[in-house]
Amino acid sequence: MNYQSFKDILVCPECSSAVEETSNGFSCIGHCKCQYPIYHQVPVMISPKNPVFNFADFADGKPPTIFFNSYQNPILQFFKKIRPDITLNVASKKNYAAIATQLQAKAAHLATIANQSQPIRILVIGGSIDGNGIRELKDHLPANTVMVESDVAHGPNTNIIIDAHQIPFKDESFDLVIAQAVLEHVLDPFACVKEIERVLKPGGLIYAETPFMQHVHGGKYDFHRFTPLGHRRLFRNFREENSGLVAGAGSMMAWSVMYFITSFAPTKKINKALSYIGSFVSFWLKYFDYLLNKNKGSYDAACGLFFLGKKEPGYTLPDNELLASYIGQKS
C-alpha cells in the first residue's frame, strides 16, 4: 500500500497544519512551512526540528542493522534460521484474531449506515516488519481497510516514516492503533500514548505489547520496561478490553540465562557468538510458560505484557482502582 491511500489525513508533525503534495514530497501550508521529502516512495514525515532523527538518515532506503539482521552469506542465513527463539509468545495470534473479529463487525455495521463510505483505518507504529501473530489480523481484515505501516526505519512493510511522539495524522483518524514491541524504544512512552489517543476515533482500539522483565535488545534505542500496573497506568485513559501476559516467567528465565552467558563477552563479536550459543542453552526454559502462566505469581515475573483498550472520551482509570487491580502475589 502506498501513501496515496492515506495522504488525505496527513498533517504537519511540527505544527499540525495541513500539508499539500509537491513534486518532491509534502509541504506544510501552515505557519512553519516545513518540507517533508519522499525517499523510495516513502514519505518521511518527521519534523526537521527533531533532535534524534534527520532526513539524511532515511535517504538510502536501508533498514538499520540494529533491528534488521539480514545476512547475505548463505551459511549465516542457515544458522540464523535454525537458531531457537527464547520467547514463548502465548497471546499475539489469539489477540489479533479477536481484534479482526471486532473490526469485521464494525465494518458490517458501517455498511448499514446510509452514505457511509469511510474505510476502516489502522495505524501500525513500528510496523516495518510483521510483528508476531499480526498475520492473523492481516489475513482477516474487512475489504475496505487501509493499513498504514509506519516506523522510524525503512523495511519491507514501511509506507511512511514517523516519530510516534509527533504522529503526523489528523485527530480521530484511525479505528485501531498497534504498538507491538515499540514503547520500550521511545524516549517518552506517555507522550506517544497521548498521541495515539489523539489520532484514534472515539470507540477506536489500541493494542500494545511491551516488555516487563526483558533485557536490553535495542542497544542505545532501548529505554523502558513496565510492570503490569505500570503498563495499565500508561493506558489509563482507555477502557480495558483485555490484558495479560505475552510471555511469562519461563521466557524471562530463558532471557536471563542467555544474557548471563553473554555478560562474559569482552567484545561485541564474542557477545554475538555467545548470544547464539546461549539461545540453544536456554530456549527450553520458555516452555515452562505453559504451566506457570496459570499462576498469578507469573504477573510478578513476566517477560512481556499486552493491553487492548478502547478510547472512551472522558474516561480515566482512577489510581485507587488501578491499585486494587493488582493480581500478583507480592504484598
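The values are calculated or read from the model by the stated rules, or taken from the named source; none is laboratory data. Quick caveat, the model's predicted, so the values are computed rather than measured. Don't worry about glycine lacking a Cβ; one is built from the backbone with ideal geometry, like all the others, and counts go over all protein chains shown.
Among the candidates Ala179, Ala191, the residue that is of a type outside the set (Val, Ile, Thr) and either part of a helix (DSSP H, G or I) or touching a Phe, Trp or Tyr at 6+ places or on another chain (Cβ under 7 Å) (or both) is uniquely Ala191. Annotation note: Cβ proximity below 6 Å between a residue of the stretch 1-26 that is assigned by TED's automatic domain parsing to the domain that holds Gln41 and a residue that is of a type in the set (Lys, Arg) (sequence gap 6+ or interchain) occurs for Ile9/Lys170; Val11/Lys170.
For the stretch 286-295, does any single residue satisfy the condition of being more than 25 Å from Glu241 (Cβ to Cβ) and crowded, with 19+ Cβ neighbours inside 10 Å?
Yes, the conditions are met somewhere in the stretch 286-295.
Every listed requirement among (1) in contact with a Phe, Trp or Tyr (Cβ under 8 Å, 6 or more places away or on another chain); (2) on the phi > 0 side of the Ramachandran plot; (3) hydrophobic (A, V, I, L, M, F, W, C) is met by Leu200 save one, (2).
Residues in the stretch 234-291 that are under 30 Å from Pro313 (Cβ atoms) and either in contact with a His (Cβ under 8 Å, 6 or more places away or on another chain) or not assigned by TED's automatic domain parsing to the domain that holds Pro84 (or both): Ser243 alone.
Residue-by-condition table, conditions (1) surrounded by 14 or more Cβ atoms within 10 Å (Cβ to Cβ); (2) touching a Pro at 6+ places or on another chain (Cβ under 8 Å):
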| site | (1), (2) |
| --- | --- |
| Val11 | yes, yes |
| Glu14 | yes, yes |
| Ser17 | yes, no |
| Phe26 | yes, yes |
| Cys32 | yes, no |
| Met45 | yes, yes |
| Pro51 | no, no |
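Looking only at the stretch 264-280, decide whether some residue is of a type outside the set (A, V, I, L, M), touching a strand residue (DSSP E or B) at 6+ places or on another chain (Cβ under 9 Å), in a helix (DSSP H, G or I) and more than 30 Å from Glu195 (Cβ to Cβ). No, there is no match, as no residue in the stretch 264-280 is of a type outside the set (A, V, I, L, M), touching a strand residue (DSSP E or B) at 6+ places or on another chain (Cβ under 9 Å), in a helix (DSSP H, G or I) and more than 30 Å from Glu195 (Cβ to Cβ). Taking the numbered list (1) in contact with an Asp or Glu (Cβ under 8 Å, 6 or more places away or on another chain); (2) closer than 27 Å to Val193 by Cβ in turn, Phe283 passes all entries but (2). Just one of the listed residues (Thr112, Thr65) is out of contact with any strand residue (DSSP E or B) (no Cβ under 9 Å at 6 or more places or on another chain), polar (S, T, N, Q), modelled with pLDDT under 90 and not assigned by TED's automatic domain parsing to the domain that holds Gly218, and it is Thr65. A single entry from Phe226, Phe306, Phe280, Phe260 fulfils the requirement of being touching a residue at least 24 places away in the same chain (Cβ under 8 Å) and surrounded by fewer than 18 Cβ atoms within 10 Å (Cβ to Cβ): Phe280.
Is it true that some residue in the stretch 142-152 is buried (at least 18 other Cβ atoms within 10 Å of the Cβ) and not in a strand (DSSP E or B)? The answer is yes, given that some residue of the stretch 142-152 is buried (at least 18 other Cβ atoms within 10 Å of the Cβ) and not in a strand (DSSP E or B). Within the stretch 1-20, the set of residues being in a strand (DSSP E or B) and under 23 Å from Thr145 (Cβ atoms) comprises Leu10, Val11.
Residues in the stretch 291-331 that are part of a loop (DSSP other than H, G, I, E, B), of a type in the set (Gly, Ala, Ser) and touching a strand residue (DSSP E or B) at 6+ places or on another chain (Cβ under 6 Å): Ala302 only.
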